[in-house]
Every structure is written in structure tokens, then in C-alpha cells.
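Step one of this worksheet: look at the structure below.
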Amino acid sequence: MACRRLILEERALGLGKVPNVRRRSSIGQWAEGYAVCGVYMTELATQLVDMLRDYEVVSTEVLQRLLHSQRLRCVLDYVAARLPEQIRLAEAASAVGMQHAAFSRYFSENAGITFFAFIRIAKIAQALDLLSRDEYKASELASVTGFNSQAAFARAFRLVTGVTPALYRRYTLLSMSRSLSLGGHPKCTTRGHLKMYQGSVGT
């Protein structure tokens, strides 16, 4: 498997600290700065990293950790291709050639968050993107993003963003109607803006 070969190459190169890569014009170019042996992330994985950064649902440190390791970039590729599905730890572990217990420890230690927390965050980032683009109703997003129920989706959404899906939809629609531009596109809505709006409506 390509991912396993790349991991062996990474070990042989003795990769150490995260390189000091200057922020570039897009996360796609930024991610390329971490490539080793000419290997880059898939387009879907790059889009996922875009969403994680734009919506500020993970720290810059976590993103750097995910991008630095070839094994973790393989995990990004795997997760990005399966966001609408139920993503199982054992299957993700197998995809990078590890036993599930060892993979769970490896991911937590090297990414700085647990694998299940990352899956939840990645799915909610996708939901935020879909809500901002007005492509789905809030009630449809549970099935679109691979949650077992609307209740589970709503809990995860509030845990990650601090607000409900309905409040987020209201905020983005208000922003668009007033022609507000956060970074040039409503998708750049941050948790700080949401908290300000939440306080203003008393929700």
C-alpha cells in the first residue's frame, strides 16, 4: 500500500520538528510545503484542511501536526474520502497499516486530539460549509454528514461551535442579506463572530 511505503520513507528520512513554513495564499499551497518525496495530499483532503482552518474548529498547532506526518496525511486522505459515512477506527487503522489500539494512541499523541474528536470536528466543519453555502437544510445535515440521528448531530454541532445549527443558519443568512463579507466569503465565519451574534439575539 502506498501509505505504508511512505511511512517507511518518512522513518528513513528521520523527520523531526514541524518545518517553519511561511503562510501562503491558500491552504493548498501551505499543505504542499509539508510534502516529502514529492507526495501531496488528495484534493479532498486539501479541501478538508481548508474547512478546518477557515471555520477555526481546530488549532493551528493541530493542523501543523496533521500535515507534518505522512501517516497522519494518509489518515486525512482516508477521512476526507469518507466524511458522509460512519468512519470506524479499526478501518482507519488498517488503512495506515496499524492495529486499532496502537493507531488510537499514535493519533492522540501525534495529532494532539483523539481520533474520534477529530472525526466529529471534521464532520461538523463539512456541515458548516454546507450551511454557509445554503445547499441543505439544517434538518438534512445529520444524514449528509454521517451522523446516526439528528439529535447526535445537534449535540456534536453545539459541542464544536458553541451554537445550534439553526442559529448558525440564521447568522449566515443575515450576513449574506446584509452583504457582509468575512474574508470575502460567508464560509470564513468564525466562532468569535458567532458568539457575538448569539449574545445579540439572546439565544
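The numbers here are math on the coordinates, done by the rules we state, and not lab data. All of these numbers come straight from a predicted model, not from anything done at the bench.
Counted residue by residue at 0.36 nm each, then reduced by the alpha carbon distance between them, the extension gain from Gln150 to Thr42 reaches 35.9 nm. Across the stretch 46-96, Cα-Cα distances exceeding 13 Å account for 59% of all pairs.
Histogrammed with a bin width of 10 Å, the alpha carbon distances of the stretch 89-146 distribute as 22, 38, 25, 15 percent, first bin at zero. Return the sequence-ordered ³J(HN,Hα) values of the stretch 70-81 in whole Hz as given by the Karplus equation 6.51 cos²θ - 1.76 cosθ + 1.60 applied to θ = phi - 60°, using x for Gly and Pro. Computed from phi, the couplings for the stretch 70-81 are 5, 5, 5, 5, 4, 5, 4, 4, 5, 5, 4, 6 Hz.
Would you mind pulling out the separation of the Cα centroids of the stretch 122-164 and the stretch 81-96, in Å? Centre-to-centre distance over Cα atoms comes out at 19 Å.
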